[in-house]
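The values are calculated or read from the model by the stated rules, or taken from the named source; none is laboratory data. These numbers were taken from a predicted model, which means no experiment stands behind them. Backbone-built Cβ (ideal geometry, glycine too); neighbour counts: all protein chains shown. The area values use the complete protein model at the heavy-atom level, side chains included, leaving out ligands, DNA and RNA. Shrake-Rupley method; radii C 1.70, N 1.55, O 1.52, S 1.80 Å.
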Amino acid sequence: MTDHRERLPHLEHRGFDWPPGGVNPFDRSFPEAGRLYWAHERPSLLFPADQQPELTELDRAIPKGYTTLLLMERVAVVTLGERSRREWKHQALNRSVGPFQEYQLIVPPDGPKEKYLMVGAIWPFKWTHRDAVRLGQLTGRVVLVCRVLSYDNWH
């Protein structure tokens with residue numbers, strides 16, 4: 001049986017500690033939607049859309065390997081249903097971005113040996129939000145909703 005009380009210790013950022021001055025993507029108090037990178041099953045810190053880092057800096061911060069580098073925009077943070085949702089205005093594309101669905105749901109790790117979980121969600125956003133609510137109910141965790149802006153083979 002699922003415990004419907006949210007467990008908070010998993011909100012510690014365990015992704016890339018980059019860029020300097022960035023914010024945990026699950027931090028609802030950051031006023032902007034912000035952007036983040038995803039590679040090696042973990043997110044970077046959140047940064048303002050108008051402060052996209054140089055490619056050389058990105059190359060040093062996120063190790064290359066057999067992975068895909070996604071640039072995503074934070075769209076919403078959903079906690080245990082709609083009772084506690086923070087959403088940022090965004091322009092939906094209503095299309096896939098390469099092999100990725102436009103919207104991705106990210107669940108943070110719960111234990112020290114767990115990894116972040118990222119799953120694609122269907123559009124339009126109202127259905128994405130429904131899936132985020134359900135995923136939050138099933139896991140008892142906060143769900144980060146992101147929109148994929150671009151992707152790159154990161155080798």
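For segment 110-130, residues that are among the hydroxyl-bearing types (Ser, Thr, Tyr) and at pLDDT below 95 total 1.
Looking for whichever is crowded, with 20+ Cβ neighbours inside 10 Å and modelled with pLDDT of 95 or more here; the options are 107, 78. Which one fits? Give the derivation first.
Details: 78 fails: modelled with pLDDT of 95 or more.
Just one listed residue meets the conditions, 107.
When segment 16-60 is filtered for residues that are small (Gly, Ala, Ser) and over 22 Å from residue 87 (Cβ atoms), the ones remaining, listed by number, are 21, 39.
Among the residues making up segment 31-75, those that are closer than 20 Å to residue 91 by Cα and open to solvent by 40 Å² or more (accessible area, probe 1.4 Å) are 31, 32, 35, 49, 50, 51, 52. Looking only at residues that are part of a loop (DSSP other than H, G, I, E, B) and charged (D, E, K, R) in segment 110-152, which one is least open to solvent (accessible area, probe 1.4 Å)? Within segment 110-152, the match that is least open to solvent (accessible area, probe 1.4 Å) is 141. The lone criterion from (1) assigned to a loop (DSSP other than H, G, I, E, B); (2) modelled with pLDDT under 95; (3) open to solvent by less than 80 Å² (accessible area, probe 1.4 Å) left unmet by residue 4 is number (3). Within segment 54-80, residues that are in contact (Cβ under 8 Å) with a residue 60 or more places away in the chain and in a loop (DSSP other than H, G, I, E, B) have Cβ atoms under 6 Å from residues that are of a type outside the set (A, V, I, L, M, F, W, C) and open to solvent by less than 10 Å² (accessible area, probe 1.4 Å) in these pairs: 80/136, counting only partners at least 6 apart in sequence or on another chain.
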